[in-house]
Every structure is written in C-alpha cells, then in structure tokens.
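Quick notes on the structure that follows.
The values are calculated or read from the model by the stated rules, or taken from the named source; none is laboratory data. The model shown is predicted, which means the values in this text are computed figures rather than measured ones. Every residue, glycine among them, receives a Cβ derived from its backbone with ideal geometry; neighbour counts consider all protein chains shown. Note: accessible area is taken over every heavy atom of the protein model, side chains too, but ligands, DNA and RNA are not part of it. Shrake-Rupley method; radii C 1.70, N 1.55, O 1.52, S 1.80 Å.
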Amino acid sequence: TVKSPNPAFSHVDVPLVSSFVLSKKKGKEAYVEPIINGDSYRLEVRVGAIPLGLENGTKMARGAKFTCLLSDTPITPEYTKEQCSSGRSNHKLLAVVAEGSHERVYLSPSCMRTTELNMDEKEIRRPNIPIADDPRNFWTPAYGLTTYGDLFTQRQLVALNTFSDLVQEAKAKAEQDAINAGMTDDGVALSDGGTGAKAYGDAIAVYLSFCIDKCADYWSSICSWNSSGEKIRNTFGRQAIPMTWDYAECNPLSHSTANWLAMVEWVQKAVSNLPGQPEAAAMQADAQTQNISSHKIISTDPPYYDNIGYADLSDYFYIWLRKNLRSLYPDLFATISAPKDEELVATPYRHGSKEAAESFFMDGMTTTMRNLADISHPGFPVSIYYAFKASETKEGATSNTGWESFLEALIRAGFAITGTWPMRTEMGARMVGMKTNALASSIVLVCRKRSRDAAIVSRRQFISELMARMPEALDDMVGSDGENSPVAPVDLAQAAIGPGMEIFSKYGAVLKADGSSMSVHEAMIEINRQISDYLNPSGSGFDQETLFCDAWYQQYGWNEGAYGEADVLARAKGTSVETVANSGVAISKGGKVQLIHWRDYPDDYAPEKDKLRPVWEACHHLIKAFQKGGEQAAGALLARMQEETENIRQLAYHLYVFNERKGNAEEARYYNELMSCWSEIEITSEKEGKEKLVQTTLDL
C-alpha cells in the first residue's frame, strides 16, 4: 500500500493490487471485494461469479500504474517509487487461504488479528547483501527493496533462519546415526574426499541446504498468487527478480504448496535420480586460463552476452548456501557474495557503458575460445551451446550484437565453425502456452581449429559459394523425414548460421572490393539474405492467388485496400481480384479488397471439395485447425490435402520471417507454433491417410 495521492485521502493507505481474483476455477470462483465507506475501506472475500473490473485490481496498465481505490486518482510510477523508497509504503492483508477438505477455503482478512511479528530487527537476522543496480534484471531497488533481505517478510526470514540453524544440528545427528549403524568413523570431511560417517553428515547438510534454497524461492515477497491453479508462484519465473505488488506467503508447516516437506521431496527426487556411478568431479576455474580441458573432448555452454545476470542472480541463493555450508566448503564460500568481476557477460551497469561492456565481453570471450582451441583434443570438435534470439533488423536482415560478438570471438580465436545443430529443448505445448516467440531450440555450434594456411577469398567468391550451398542446407532444416523435426521458424535464422558461417569461417579472410576484411555482421547480412530468398514464395512455383495474397498481406496485412491497387497487383501475378475472391481468401466489395482473416474461415472446411484451393487458404485453414484442436485436428485436416504439405510448410516459414522482422510478434507466433509442432502434425496426417486408404479398400 501507499498513501493516496489525492489530498482528501492522503492519510489513507490505499492498495496496489494487480488482481482481486483468488480463484478462477469453474464452480470454485472466489474474489476479494473492496467495500468503501467514506475515507476508509475494508476487504471481504466472496465466492461465486467474479464481477467485472476485479480481474485487474487497482492496476491501470503494465508496470507501476495504479488508481486510488477511494478516489480513482491515478497513482503514477514516479509517485509509487517515491512512496516506497521513502519508507511510506506498507502491507495489508488481502485474504487468507486455508486448507479445506480437498479444496482451498478463502477467508476475509478480519479472521486474522495481526499480520506482523513486530520483532526486533536484530532478532530477524536480515541478509544485507545489496541487490545489483541492474534495471534490466532487478526491478525492486527502484521501490526501496535494495538488499536481498528486503525481499523477505519478517515471518519468512524467521522461518529461513530457523531451518538454517537446524542444518548443523541435523548434520551432527546424521553423523552419529551413521556411526551407530556401523559406518567408518574416519573423521575425513566430504570436501576432502571422505566416505565415512563425517562425510555422510556433510552430505546430509548439503542436501538440506538445497532444500532451504528451494524454500527461499517460494518464501519471498516476490511470490505471487496463481488464481487459475490456486497456488503460489515461485520467485524465479524467469532469470530476473521482478517487482510484485500483491504476494502470497505460505505456512512452512502446512500441507499445501511450497511447504517444507514438499521442498525436501523435490530434492529427494533429484538426488534419487542422480547416477551413482561412475564417480565424477566438479572443479572451479577461470575459463580464460584453465587447463582442466587439456586434450579432452569439450562441450560448453558459455554466457549469452548480456541475456542473463548469472552472478548477480546467484546471490539470492548464495546467501543461504553460504550461511549453511561455509564451514564445510570455506574456499567455495570465502566471499560474502558471488564473485562477479571476471564474469564474462556484457553488463553495461558494471562496465560503465554499453561499448565498454561489449569490449570486455569480446576480449574475454576471444581469450577463452583461443584457450579452448589450443588445449582441446585435436581429434574431436568442440561443441558450444548458444541460444540467443536475433532481434535487430538492418538492411533487410535480422542480426544481433550478442550473436555477432560471440561469433567474432570464435573466429578471432582461430576456430572454424563446421556446423550448427538445432536441438529441441522446449516442449511444443510450452511454446504454444507461452504466447510468445520464444526460442524452441538451443543451437549447438560445432567448431574445429582453423588451418593456419587457410585461403583468402573475395566477397564475390564467398557469396557465390553461399548461393550454391545454402538452399540444400535450408532444405534439410525446414524438411522433415519422419525422424528429424524441422527447425522451428523462430530458430531458423540461428540454425542457418551453421552452413553460412562454415563457409565464411573456413577462410583466413574474406576481402571486400576495397581490400578490407568482411566482418561477421556483413557475413550475417548475406546469410540472412539467402534465407529470405529461399523462403520467398515468388520463386517457389506457388499458385498465382497465393502470390497475390502474400504481396497484398505484406502491404496491408488483414486490413482493406483500394480495388484499383488490388487489380494491378492481381494482373501482375497472373490472376484477377475476382478469382482471388472466389477462392475464399479475400473479400472484394465497395471498391475495397481485404484478405479474410483465418479466424473467420468456415469451421466445416472440406478441402477435397474445394476446386480452387490456393496454398494461402490451405495454410491458414491449417492454422485455424491447430489453434482450435491442436495437433490432432491439424493432422486430420492435412491428411485431406497432403499434396500441399511442402508448400504449406514453406509458406508458414516465409510468413513467420516476414512478421518477425516487421515486429508483428502476435502474428508471427501463429506460424511459429504451427511449425514447432509440425512433426507431430505430419505423423497424425500420415496415420489418418493410412486409415483412409484401408477403409477405401474395404469398400471396394
């Protein structure tokens, strides 16, 4: 809560609530109703149909934009920050969630007499490690939550500290139990390679410390309430610490979400599934100077430029691990917070500017990769995982500073990129559920040390080789042979780097007309141009109506345009506006022409009865089927027009790339989702086709 910005109510703490809804489950709806009485209000829990307006709480829009519950006065982000940073913000209980018989029971705040412990801060033991001043990944400092201890309520800190205090007690008990059971009492610690009772007690302490870290993820004031699942969300929904306004606190000793025993079970499941043999060792070293990898096969997953503040985020868990394990691993936990100075990420706040951060990343990554190239086993390639979504569009091609800087570092280090393997790391259901164009795959770069006598070629020779080899490589990527899935559209730009950079990086240099060397950025533009040319329908033998629709879509999208322009375009594509309209993909009326949105396509579409069926129509009918009925519905429809499979797939790729480069994320998402699940759709289609064939034979 903050003080109302309206002078008439400035003495009242008004709530900053993102939603008043407690449960969205059908038949179990529950919500909080604010009841206003003059210059005061109370909050009452109700059950039943949720009234309009409560879904968004007092929030006006994204970010810290709210309205005063009493006066509807806007509460600006600046005002919220000032209130929070100056200590004038507060907390107010919204509702109590109780454990019922196989269901949640929601109670009004009045059922609780007090919501604060009011303990002395010295008793609380609040971690005072500062949160990084990195607004990209840490949003709380702007609102007065500047240390990690500020992220936890008094109750949560008491719980975390209490369980931490018990770790050493449990360790001693476990060690004694092991001795009583006949285990060797050699006195050698786990960190020194011990296998006796002392090491056993140390191991129990390590696992319990993991449990406490799991608890910390669920026991903070950043944890929000999931009204659809009726459960607490954890702090780290992604690699950042957001600012949350209404949060959920769990009872550690309950039987509900995020209780202590649930966290123990999480760790127990992980430990029980770890392979017990063979023995392995983990060592910590600076990647720029280490020799651990000497003459070994190397597979590495380096930092992704500036995507994630690994070390800064680690402090959230490090503070609890250090508290519990410092006595067992003094070298690992020698510093108060996680070491950061040598971390290879391009973090502007740490280096003073974006340029300085990029220079630091380039120099460090080049040194690291040169070290790997020098010491790795000469008989095997080095594989490097790198997932970094391209986001900048220049000269008609998509590029990204993070990608280019990393590739530049690889080539400077003496590596030649011999291929890329897109590895599917996300489930298709998640890609659909996220409602965003998240990467579906991790890209594995396969590298070998470049020959010292590598040839030097001209830019013209490089482009000529690209044009000759890229189409076949792209055929392999967007194709599907029943065993290998096609590369999702959102991953194609990165996956295609492999064959393109294989050509570029094998040469000692690629010289431009003025004698200067071609940069990675310039090479990436040419590689992306090859992708665009490959996916361009005008060069693919598509029907004339599809070519018209594609060109019209690129100019008008789903909006209408003048008939005269449509007529000129249709003639150029070898068709007519009337033919396009008769095919069922456009409307021509009142001097205007408009493509029909796929959502408005008929539900009972029968492709076998459609005498004029452009690929455009087939593709968008498939998208509608997929959005409504998933892979089964899309596969069943594709089975009825299998002759268009290749064309549909290529058009979907093309339309994804077009929308992604135009910044039309919502439009691009539908094409990406279709292609992300393409293998499953094809499998369903083939099954449907076989069943149809068998049935036809029986009829005869």
Which order do the peptides 84-92, 33-41 take when ranked by the mean count of other beta-carbon atoms within 10 Å per residue, highest first?
84-92, 33-41
Check Thr147: other-chain or 5+ apart residues with amide H under 5 Å from its amide H, H built from backbone geometry?
Ile131
In whole Å, what is the distance between the alpha-carbon centres of segment 531-606 and segment 197-230?
56
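Nearest 500 deg cm²/dmol is fine: what mean residue ellipticity at 222 nm does the chain get from its DSSP H runs of n ≥ 4 alone, each adding -39,500 (n - 2.57), divided by its residue count? Could you put the intermediate results ahead of the total?
Details: 21 runs with 292 residues, N = 700.
That comes out to -13500 deg cm²/dmol.
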Using a 10 Å cut-off on Cβ atoms, rank the peptides 143-150, 655-662 from the highest mean neighbour count down.
655-662, 143-150
For Rg and Dmax of the Cα atoms in Å, the choices are (i) 29.4, 102; (ii) 30.2, 93; (iii) 27.0, 89; which was calculated from the structure?
(ii)
Ser101 versus Arg599, label points 7 Å from Cα toward the beta carbon: distance in nm?
4.4
The percentage of the accessible area of the chain (probe 1.4 Å, all protein chains present) made up of carbon and sulfur atoms, to the nearest whole number, is 51
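Once a ≥ b ≥ c are taken as the square roots of the eigenvalues of the Cα gyration tensor of segment 48-94, is the result rounded (a/c under 1.5), prolate (a/b larger than b/c) or oblate (a/b not larger than b/c)?
Working: a/c = 2.41, a/b = 1.72, b/c = 1.40.
Here segment 48-94 falls in the prolate category.
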Rounded to 5, percent antiparallel among DSSP beta bridges of the chain
90
Nearest-10 value in Å² for the accessible area of Thr579, using the 1.4 Å probe
50
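List the DSSP H helices in the chain whose Cα atoms stretch 30 Å or more along the helix axis and whose mean Kyte-Doolittle hydropathy is at least -0.5.
Values: long enough: 154-180 (39 Å, -0.47); 197-218 (32 Å, 0.47); 354-375 (31 Å, -0.19); 678-699 (31 Å, -0.93).
Sorted by number, the helices that extend far enough and score high enough are 154-180, 197-218, 354-375.
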Which shape class applies to segment 193-286: rounded if a/c is under 1.5, otherwise prolate when a/b exceeds b/c and oblate if not, where a ≥ b ≥ c are the square roots of the Cα gyration tensor eigenvalues?
prolate
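Order of 594-607, 125-138 by packing, highest average Cβ count within 10 Å first?
Working: 594-607: 13.6, 125-138: 16.7.
Per-residue Cβ counts within 10 Å, averaged per peptide and sorted highest first, yield 125-138, 594-607.
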